[in-house]
1. Starting from the Cα-Cα distance between Lys254 and Asp30, subtract it from 0.36 nm times their residue separation and give me the gain in nm to one decimal.
2. Go ahead and run the numbers for FRET between Glu189 and Asn105, Cβ-Cβ distance against an R0 of 35 Å, rounding to 0.05.
3. Computed on alpha carbon atoms, what radius of gyration and Dmax characterise the range 97-228, expressed in Å?
4. What does the net charge come to around Ser248 if you take all other residues with beta carbon closer than 10 Å to its beta carbon, with K and R at +1 and D and E at -1?
5. Evaluate the distance, in nm, between pseudo-label points positioned 7 Å from the Cα of Asn182 and of Gln39 along their respective Cα→Cβ axes.
6. I want the local charge near Pro117. Using Cβ-Cβ distances under 12 Å, sum +1 for each Lys or Arg and -1 for each Asp or Glu among the other residues.
7. For the range 201-301, how big is Rg over Rh, using alpha carbon atoms and the Kirkwood form of Rh?
8. For a protection proxy built on the mean count of beta-carbon atoms within 10 angstrom, sort 126-132, 200-206 highest first, please.
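Throughout, read-outs are computed from the coordinates displayed, never taken from laboratory work. None of these values were measured; they are calculated from a predicted model. Quick reminder, even Gly has a Cβ in these numbers, built from the backbone with ideal geometry, and neighbours come from all protein chains shown.
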Amino acid sequence: MIGYLYNPEAYLHDTGMHLEVYERCQQIDDMVQEKYDVQALVLRRGDKSDLLRIHDESYVDWIEKGYENGVRMIISADTIVSEGSYDIALATATSTKSAIDFFKNGGRRAFLNLRPPGHHAEIITGQGFCLFNNVAMMAKYAQDAGYKKVLIIDFDVHHGNGTQDIFYHDRSVFYFSTHEKNNYPFTGEKEEIGAGEGRGFNKNMPYEDYISDEDFLALFDALPKDFEPDIVLVSAGYDLMRDEEISSAQITFKGLAQMVQKIVDDYHDKPIAFILEGGYNLASLVKSVDITLDILNESDL
Ligand SMILES: [Zn+2]
């Protein structure tokens, strides 16, 4: 049975009029409750000190104290801190540990329906709707639990500059990203391959505008064959779908299904967690997650 994590209080991260809103997670949850038998994971909030393993203390302090005057703080043009944001973002990043515990107890597939997203959050700052880097936090917990070699696959249409930043010098975490080249945050060149000890453990697969299913799927042939992970964490951003207005990518539900299937086929015997990143067209998002859960369910048999 798939492990599933959801935070019904995530609306307390109040972004106002924004693309990244609570209804995203809520509508996914409505679908999940209606269609799937899942094992509900307990939302256990970790400590601030956990965040300091991936973020600079001055940045975390700034977010914690950011909301003071009854006014939402804007930390970059598109990234909001409201009264409840720190608590929710902390809970989101640190409750990823529940999925690691689930794997340690024999679970094999998990989906984390959480917000705010995380992959744009760098060591010293958040941006791009992201406050703390959830998938990076999860990778740390995975390593604590003995999953020493972590593969992060990021198929969000935007490059996960934050995740790349956090693990750029680290050979124990391989970061693999497919993303639209001419899109925010304009990082993720092929030449960015990691540095120092981490050189060769960062792989970017940028693509041109209006990418088709066929060309997109071909990018996944470049998944690292010589990195044998103990666990696979997927930064699942569904803003690459055809009906999304935030990119020009033309990925169909069929193409998405083929990509998800390839991931679970390639890493069939590993624990695999999908953690929500982008995806803003609600109908497209819910259907995309539905497709993902269906495939995860099948591969868990
Ligand atoms: Zn995105």
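1. 78.4 nm
2. Given R0 = 35 Å and the Cβ-Cβ separation, E is 0.30.
3. My reading of the Cα-based Rg and Dmax gives 14.7, 43 Å.
4. Net local charge, Ser248 excluded: -4.
5. Calculated label separation equals 4.7 nm.
6. Cβ neighbours under 12 Å give a net charge of -4.
7. Radius of gyration relative to Kirkwood radius: 0.95.
8. Going by the mean number of other Cβ atoms within 10 Å, highest first, we get 126-132, 200-206.
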